[in-house]
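Chemist: First the structure, then my questions, so here it is.
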Amino acid sequence: DAPSIKASDAPSVTTSFSPSVSPSHTPLLQCPSGEREFLLDLGAVGFVDNERSQRFALENGLTLFIDVTDSSPGVASNWSFNNINGCLEFQATNVLDYSDIVQSDGSTVPFFPFGYSTLELRFDRQVSLAYAKMQDIDSNSDRSDAVRIVAKDIIGDNVGGIYTPSLDLYFKDNWSYMKPSNQVSAESALVFEPEKNIGSILFDVSTFGYNAADIGTPKTGSVCQELRYCAPATPICLNCVKVDFELDDSGKLLKNGNFVDLDWKTLYGLTIDATDTSSCQTGSKPRIFDSSRPGNFGDLGTPNKHCHNGGVGEGVGGEIGSVGENCEARKNVLIIEKADTNLLPTPCDSLETITFEFDNGTDFEYLTLLDAPDSGSISYTLVGGLTTTINYANVQVNGIQRIDIDQSNVKSIQVQMKPGMAIVDLKFCVPCDRVPTPPPTPACVFECNTIDFNYKRDGTPLDPGIYVMDQWSESYTGGAGYGMTISILPSNPTSTSGWWSPEQSTTPAPWNVPGLLSGRLFDTANPVDDWNNANAGGDPDLGAPNQHCPGITDHKVAGGRYYGEGNPAAGPGGVGENCRELGNVLIIQEFEVVDTGAANNHGGRWDDSSAGGYFYFEFADPVRFENVGIMDIDEEQDGLGNNVELVFEDGGTQIYKYEAYGGDTYQTVMTAADDVKRVMVKLPGNSAAISDLTFCNSVCSSV
């Protein structure tokens, strides 16, 4: 998971329990129809001693938060549960200095400041009716620990309360003990009569000092809290959903570049709005950005290229092991568009805001951010108007972070969008009857195949030495091909030096347009010159398997069989392991050859161009392109664009790097991208070959 940054009031302990109602429990409240009274048992809850923030899921569907706070920095308190008497015990210390009060006759008397510790029991949603009682069971009769009960509504406004007379700090003559004359005796109780629409109950206990010796001395006490409340007899059912911008609430697939706003309103009551400014888009709709193909915006790519399986993300913040590790493929994310006129989504480069607005109060769990290279803020507003602002961290470029909100009755959330930032997903809970519509059965499905240049689609074998271009060009659904056409471009398209293709005789130079020239099939089982084999090639670094693989003792064995020569990196366990029979691979032929007329000669010796060049794979219909296998990358040619580039149906592009593992090595460049129309494998300066392609054609029903 992404690193989690909690809101300041988020609980640190989470426990589940079944609220206990003893057999002798007699209901006191007149609960509304469909509800019943619950008597909260803090022992059954699983109260954690001395833990100041706790959270518990109740069986009736409510969530209970327990928070301990002190009236000032000069008060320190701890609370623990006594399993014997079922009450909470507290130890509190008041270290506030006393001050002298000047009386009317000019004399002075010491005054010890009043302090208190508060235990708050807070629900995640308002309960219709509540009753609270707090009883002081201390044996010390000269002071009262039970001070007051305060009731608040769901947004934190006081709606009622009851106070002991000890809060009336007007004293008579007994200054030596500092005991109020109207002191409530021990064993007394405070009872808060039933009140409607309660969100939380606060129990306060005194840390008052009665003489100088009390200041700084731990004070212990034990008070029993009783809380009765009405809640639905049938547990509230919530369905927690994650909106990751892949589908709208009707199950429709969202694509790169779609603008969204009301796409989740019908089911979830969610409206999304982007700040309207003059510096970026003129509309108010945020836009879908496909993070699997970020193009020139690598900081919004997922996963990061330094993850174990590689990726397209660029930036130290997303590297494996970093705080913002970005090693999960996320695909669609949400951005603010820079300009509505852009054909492809372009992230805004100024500070903006995205707002998520709910029709009704919602239990909101978290949202996830991508590429927050600077700290910023998120504000959430509850039903009733109470707004809280929390901060997110700087996890550096391409980093992922999850922001936990964990609040109920959330009406809206505003996310400060730093330049180039994106929102990955958000999770919230809605009533169970709001079940997302499952995606419809797709009219089209993908069928995946690997082309290894040894056979046509119908199983017809392909002889080494032939030139290929349209052997797989027939349509996938109505023909015998894959709708794919192959062509090559030499590194120097204005000269015939260092390369050759039969189309030279019919097509004049320059040969700088894809689709003009064909590539040749090279037999990796016959990679070197041999006067006994007129078809043998001239490249020992294109043999397969490599001579270092198991069971092979040399690059040549009896009977004329050759293997890849040299380079242990191509052997077992090497970075470019090449220990499989590959058969034919695709090359750019180095020179013109003459057909000897021998069977299967096809123009004589195959030999790959030392100058390298470019391989183009054009698709009649968009495909899901999975990977391409490449042999014999000797060195990186800086500045020549050595990479695999995909061109998508909408005109966008994405680049994937390959590695220079050395002669006779094999590697697979993973892409796993949808809507691909063209694949360009750029190999200038490398006498390399293409060994295989894996892609998926779309097959659609007639319905």
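The values are calculated or read from the model by the stated rules, or taken from the named source; none is laboratory data. Keep in mind the model is a prediction, meaning the values are calculated, not measured. Note: ideal-geometry Cβ built from the backbone for every residue, glycine included; neighbour counts use all protein chains shown. All accessible areas refer to the heavy atoms of the entire protein, side chains included, with ligands and DNA or RNA removed. Shrake-Rupley method; radii C 1.70, N 1.55, O 1.52, S 1.80 Å.
Chemist: Can you work out which of the residues in region 51-70 that are farther than 16 Å from Leu238 by Cα and open to solvent by 50 Å² or more (accessible area, probe 1.4 Å) is modelled with the lowest pLDDT?
Modeler: Only one residue tops the list, namely Arg55.
Chemist: Right, another one. Testing Val397 on (1) modelled with pLDDT under 90; (2) open to solvent by 30 Å² or more (accessible area, probe 1.4 Å); (3) within 20 Å of Asn304 (Cα to Cα), one condition comes back false. Which one is that?
Modeler: Status for Val397: all satisfied but (1).
Chemist: Filter region 510-533 down to residues that are hydrophobic (A, V, I, L, M, F, W, C) and modelled with pLDDT under 80 and give me whichever is least open to solvent (accessible area, probe 1.4 Å).
Modeler: By that ranking, first place goes to Val528.
Chemist: Looking at the structure I just gave you, is Glu649 open to solvent by 30 Å² or more (accessible area, probe 1.4 Å) and in contact with a Pro (Cβ under 9 Å, 6 or more places away or on another chain)?
Modeler: Against the criterion (open to solvent by 30 Å² or more (accessible area, probe 1.4 Å) and in contact with a Pro (Cβ under 9 Å, 6 or more places away or on another chain)), Glu649 qualifies.
Chemist: Please work out which residue is modelled with the highest pLDDT, limiting yourself to region 422-443 and to residues that are open to solvent by 50 Å² or more (accessible area, probe 1.4 Å) and assigned to a strand (DSSP E or B).
Modeler: Residue satisfying both the conditions and the ranking: Lys427.
Chemist: Give me the strands (runs of 3 or more DSSP E) completely within region 287-377, filtered to those with at least 1 residues that are open to solvent by 10 Å² or more (accessible area, probe 1.4 Å) and under 23 Å from Leu646 (Cα atoms), ordered by residue number.
Modeler: In region 287-377, the matching strands (runs of 3 or more DSSP E) lie at 287-290.
Chemist: Restricting to region 318-344, name every residue that is modelled with pLDDT under 90 and out of contact with any Pro (no Cβ under 9 Å at 6 or more places or on another chain).
Modeler: Scanning region 318-344 gives Ala339, Asp340, Thr341, Asn342, Leu343, Leu344.
Listed here are the residues, each with its yes/no results for (1) open to solvent by less than 20 Å² (accessible area, probe 1.4 Å); (2) modelled with pLDDT under 85; (3) under 22 Å from the mean Cα position of the chain (by Cα).
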position	(1), (2), (3)
Lys196	no, yes, no
Cys230	yes, no, no
Asn258	no, no, yes
Asp276	no, yes, no
Gln281	yes, yes, no
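Chemist: Scan region 406-419 residue by residue and report those that are open to solvent by 10 Å² or more (accessible area, probe 1.4 Å) and not hydroxyl-bearing (Ser, Thr, Tyr).
Modeler: Result: Asp406, Gln407, Asn409, Lys411, Gln414, Gln416, Lys418, Pro419.
Chemist: Report, by residue number, each residue of region 644-659 that is in contact (Cβ under 8 Å) with a residue 60 or more places away in the chain, closer than 29 Å to Gly576 by Cβ and part of a loop (DSSP other than H, G, I, E, B).
Modeler: Residues satisfying the conditions are Lys657, Glu659.
Each row is one residue, and each column tells you yes or no for (1) modelled with pLDDT under 80; (2) assigned to a loop (DSSP other than H, G, I, E, B); (3) over 36 Å from the mean Cα position of the chain (by Cα).
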position: Ala92; (1), (2), (3): yes, no, yes
position: Val109; (1), (2), (3): yes, no, yes
position: Glu120; (1), (2), (3): no, no, no
position: Gln135; (1), (2), (3): yes, no, yes
position: Ser144; (1), (2), (3): yes, yes, yes
position: Ile154; (1), (2), (3): yes, yes, no
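Chemist: Pick from region 664-703 the residues that are open to solvent by 50 Å² or more (accessible area, probe 1.4 Å) and hydroxyl-bearing (Ser, Thr, Tyr): which of them is nearest to Gly571 (Cα to Cα)?
Modeler: Ranking the candidates gives Thr668 first.
Chemist: Just for region 466-495: of the residues that are without any contact (Cβ under 8 Å) to a residue 40 or more places away in the chain and over 22 Å from Ile690 (Cβ atoms), which one is surrounded by the fewest Cβ atoms within 10 Å (Cβ to Cβ)?
Modeler: Within region 466-495, the match that is surrounded by the fewest Cβ atoms within 10 Å (Cβ to Cβ) is Gly478.
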